[in-house]
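All of the numbers you see were taken from the coordinates with simple rules; none came from a lab. Worth saying up front: this structure is predicted, and the values here are computed from it rather than measured. Heads up, the Cβs are rebuilt from the backbone with ideal geometry, glycines too, and the neighbour counts pull from every protein chain shown.
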Amino acid sequence: MEALRNCWQVAAYAGEVGDGILARTFLGEAVILFRDPAGVAHALLDRCAHRCLPLSRGKLAGGLVQCGYHGMRFHPDGTCAGVPGQDTIPARATVAAFPVAERHGFIWIWMGESAAADPASVPDAEWFANPAWETVAGYHYIAADYRLLVDNLLDLSHETFVHQDTIGNGAVADSPVTAQLVDGRVKVHRFMSNCPPPPFYKQTTGFTTNIDRWHTTFYEPPGIVVIENGSMPAGTDIAAAKQRRILNFITPETATSSHYFWGVARQWELGNTALSDGIRADVIKTFDQDKVLLEAQQRVLDSDPSLQAFPVTIKIDAGPILGRRLLESKLAESRLVPAGSA
Ligand code: FES
Ligand SMILES: [Fe+2]
């Protein structure tokens, strides 16, 4: 699949990589994630150098990955540590390794040129770790092209029609949206003034009368979408607002499937676990609704390979169109980099 490779993408929550091997596919390549005895995370191609058994069918033994077929052992960097029944190690007995970094509760993976992987450039996910915010986090597997999910997050008018029982009502689709490029990111903004609070807002903010509400969405290709969101009683100052950040890290699994790591950070009632549990349940319900739509959309696209572009464009597509354009320009840039160069 064509994808941006020279960038850090979320591979897993740090807690998902424990004592064993976690197998997961990124950008069409099967990978294993594991930790060495010092707790440092590593990623290798999930394919033994000998006869191609997935290494995920093996085990960790003494800080090495041991293949589950003929027992060849590999160091965390993919070089061979030993071959049963012989003293010599074949020259090509190496498994490809991918750069990995652990930050803000995530394991990040670099699926491109290793030499270009700079740990200092790991994207900022500090809301997941900042004590001034309380974050509810989760994961959805989406059997759809990651770009459909990015489109979805850059066009929140769908809340009106898809999420009426949680975050949507008529005010979202009725309020105008602006989309622009700012500092290399797409910025989409919508302000909804003097509107009734949708059910999720009533339950989580306590605002029961009309509110002023905003969404400001930032997209950084290929798959990082941060939505700054807040609401306050209609006509009051922003100081009265309850603010949230909806954090979306989307990593392609294949051309038609995606890993969706998400978090909802809030700045009020930190430590209120009942509130966190309520938010978690409603967010899962909301993203389940998106999953159903995105997967249905993907099935239609799969059924007609001649469909190159969506047939009709309307005003609310401003964000998704800009997002696709920015992604395409990044892909075009990456095509200019000769294979094998850093
Ligand atoms: S396939 Fe892995 S050791 Fe033979
Ligand atoms: Fe949605």
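Some observations on this one:
- Taking Cα atoms only, the orientation of helix 273-303 departs from the longest principal axis of the chain by about 70 degrees.
- Formal net charge of residues neighbouring Leu27 (Cβ-Cβ distance under 14 Å; K, R +1; D, E -1): -3
- Dipole magnitude of the range 126-334 about its Cα centre (Cβ charges: Lys, Arg +1; Asp, Glu -1), debye to nearest 20: 280
- Reciprocal of mean inverse Cα separation for the range 229-342 (Kirkwood radius, Å): 18.3
- Within the chain, helix-based [θ] at 222 nm, where runs of 4 or more DSSP H residues each add -39,500 (n - 2.57), nearest 500: -7000 deg cm²/dmol
- Simple label model, 7 Å out from Cα along Cβ direction - Glu269 to Asn194, nm: 2.8
- The gain in end-to-end length when the Ile314 to Phe161 segment is fully stretched comes to 53.5 nm, 0.36 nm per residue minus the alpha carbon separation.
- Put a plus charge on the Cβ of each Lys and Arg, a minus charge on the Cβ of each Asp and Glu, and nothing anywhere else: the dipole of the range 170-286 about its Cα centre is then about 100 debye.
- A dipole drawn for the chain from +1 and -1 charges on Cβ atoms has a positive end, and of Thr286, Pro252, Ile227 the residue lying farthest that way is Pro252.
- Residue of Ser175, Ser56, Ser276 that the Gaussian network model of the chain assigns the largest fluctuation, springs spanning Cα pairs under 10 Å: Ser175
- Amide N of the range 98-120 lying under 20 Å from the label point, which is placed 7 angstrom from the Cα of Asp183 along Cα→Cβ: 104, 120
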